[in-house]
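The values are calculated or read from the model by the stated rules, or taken from the named source; none is laboratory data. Predicted model, so just to flag it, every value in this text is computed and none were measured. Heads up, the Cβs are rebuilt from the backbone with ideal geometry, glycines too, and the neighbour counts pull from every protein chain shown.
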Amino acid sequence: MLEIIGNLHLHTTSSDGTGSHDEVAAAAARAGLDFIVYTDHNIAIEGMEDWYSLSANGHKILRLMGQEINDQQLVPELNHLLCHFVSEDFQPVAANPQALIDAVHARGGVTFLAHPLERPGIGAARETYPWLSWEVSGFTGIEIWNAMTDVKWQLRTKPRAIIGAYLPNLVLTGPFPEVLAKWDQLLATGQKVVAIGNSDAHAMSFSLGPLRRTIYPYEYLFRAVNTHLLLDAPLAHEVNRARQQIFETLRLGHCFVSYDLLASSQGFSFTASSGAAEAIMGDTLPLEEVATFHVASPQPARLRLLHNGRVVAETKERELTLRTRERGVYRVEAYRRFWGWQRGWVFTNPIYVS
Ligand SMILES: [Zn+2]
Ligand SMILES: [Zn+2]
């Protein structure tokens, strides 16, 4: 497999971000990402998809288009939907989440419920924007870890906000347990739900008394929570083909979420086999009596293998193997210590044993 790293949720000056498209692409290239998808609020932009080359060292990054769409008439504006790889104007159906999901898929896009559960922060960040229309179906997946949602909650008091603004490495912790529980609950209904993790970078500045600071600049966030994609061939140079590869990989769930700042998770693997069949994360594995799962981490970590949301194997080694006769949904979480305490590091998509 060929692993590429990208960020699928970020904002520019086309909505409420502070960086231009080029500034954001340059920050992502400096952070070493392979691709980004612009997801400004409720705006369709055409003609921006290309390979962006960083003048300093020539590092190339693929930039693609998406949108973050919600019903702007709702107060507060709930139900944020990430709609990737579509450039049409979906405002006519934005008030109806199911119609929106169906329309995006009909146009060849994928959809993810953004920051599905949020916790309140401080000041203006007290407002939360959770997903509430859980009756919808047919969406590609959910954003299990949104870095700025995590930041908002971690900086929920004045002292925490000041410390967090100056020592950002103290802050990001992991997906909220209620989001992981919601994901497991959705998976338990038998549907495939692909997990992604993103920055939701805006690079806004904030003031607290005499202090004024850009909190969580683009480049910092692009070194933090990202989605790693496992491609079956190198990314094509031709933009339409490369977009199709990323689309297909996301649709299949051949990807994992990683907090890259803790340690490089490049090479993290979660595979399974049963009889002659083999599977990677995102795949369905037909059970032939016994299935064998294998987890391999490039770095030491606390590895947990979960079956239907319950931990069934755990180790502090770099490898974990489990043989089982049970059908169900298997996924892996990895945790590492950073700046004194345990953080979420890697969250894989499931292998579905049928
Ligand atoms: Zn949002
Ligand atoms: Zn956003």
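Of the set (1) within 13 Å of ligand 2 (Cβ to nearest atom); (2) touching a residue at least 60 places away in the same chain (Cβ under 8 Å); (3) within 12 Å of the chain's Cα centre (by Cα), all apply to residue 151 but (3).
The test for being in a loop (DSSP other than H, G, I, E, B) and either within 20 Å of residue 59 (Cα to Cα) or not charged (D, E, K, R) (or both) does not hold for residue 195.
For region 48-71, the count of residues that are over 21 Å from the mean Cα position of the chain (by Cα) and under 26 Å from residue 193 (Cβ atoms) is at least one. Report yes if some residue within region 220-233 is polar (S, T, N, Q), under 16 Å from residue 37 (Cβ atoms) and assigned by TED's automatic domain parsing to the domain that holds residue 151; otherwise report no. For region 220-233, residues polar (S, T, N, Q), under 16 Å from residue 37 (Cβ atoms) and assigned by TED's automatic domain parsing to the domain that holds residue 151: present. Are any of the residues in region 204-218 at pLDDT below 95 and on the phi > 0 side of the Ramachandran plot? Looking through region 204-218, at least one residue is at pLDDT below 95 and on the phi > 0 side of the Ramachandran plot. The single residue among 15, 20 that is more than 22 Å from residue 117 (Cβ to Cβ) and within 16 Å of ligand 1 (Cβ to nearest atom) turns out to be 15. Entry remark, region 250-268: residues being among the polar types (S, T, N, Q) and surrounded by fewer than 21 Cβ atoms within 10 Å (Cβ to Cβ) number 2 in total.
Selection of first residues in region 62-84 that are free of Cβ contacts under 8 Å to residues at least 12 places away in the same chain and farther than 17 Å from residue 45 by Cβ and of second residues that are among the hydrophobic types (A, V, I, L, M, F, W, C) and away from ligand 2 (no atom under 14 Å from the Cβ), restricted to Cβ pairs under 9 Å at least 6 apart or on distinct chains, gives an empty result. Within region 106-120, restricting attention to residues that are without any contact (Cβ under 8 Å) to a residue 40 or more places away in the chain, within 14 Å of ligand 1 (Cβ to nearest atom) and not hydrophobic (A, V, I, L, M, F, W, C), the residue that is surrounded by the fewest Cβ atoms within 10 Å (Cβ to Cβ) is 118. Checking each residue in region 181-238 for being of a type in the set (D, E, K, R) and surrounded by fewer than 12 Cβ atoms within 10 Å (Cβ to Cβ) picks out 212, 238. Of the numbered criteria (1) assigned to a loop (DSSP other than H, G, I, E, B); (2) in contact with a Cys (Cβ under 9 Å, 6 or more places away or on another chain); (3) not polar (S, T, N, Q), the one residue 229 fails is (1).
With the structure loaded, tell me whether residue 236 is part of a loop (DSSP other than H, G, I, E, B), assigned by TED's automatic domain parsing to the domain that holds residue 21, in contact with a Pro (Cβ under 8 Å, 6 or more places away or on another chain) and among the small types (Gly, Ala, Ser) or whether it fails that test. It is false that residue 236 is part of a loop (DSSP other than H, G, I, E, B), assigned by TED's automatic domain parsing to the domain that holds residue 21, in contact with a Pro (Cβ under 8 Å, 6 or more places away or on another chain) and among the small types (Gly, Ala, Ser). With the condition kept exactly as written, say whether any residue in region 143-155 is in a loop (DSSP other than H, G, I, E, B), out of contact with any Lys or Arg (no Cβ under 6 Å at 6 or more places or on another chain), surrounded by fewer than 19 Cβ atoms within 10 Å (Cβ to Cβ) and in the same structural domain as residue 103 (by TED's automatic domain parsing). Checked against the condition, which is being in a loop (DSSP other than H, G, I, E, B), out of contact with any Lys or Arg (no Cβ under 6 Å at 6 or more places or on another chain), surrounded by fewer than 19 Cβ atoms within 10 Å (Cβ to Cβ) and in the same structural domain as residue 103 (by TED's automatic domain parsing), region 143-155 yields no hits at all. In the set (1) within 20 Å of residue 249 (Cβ to Cβ); (2) in contact with a Lys or Arg (Cβ under 8 Å, 6 or more places away or on another chain), residue 34 fails one condition alone, (2). The C-beta contact set for region 205-217 (first residue closer than 13 Å to residue 161 by Cβ, second residue at pLDDT 70 or above and among the aromatic types (Phe, Trp, Tyr), distance under 7 angstrom, 6+ apart or interchain) comprises 213/206; 215/206. Within region 74-100, the set of residues being within 21 Å of the chain's Cα centre (by Cα) and away from ligand 1 (no atom under 16 Å from the Cβ) comprises 85, 86, 87.
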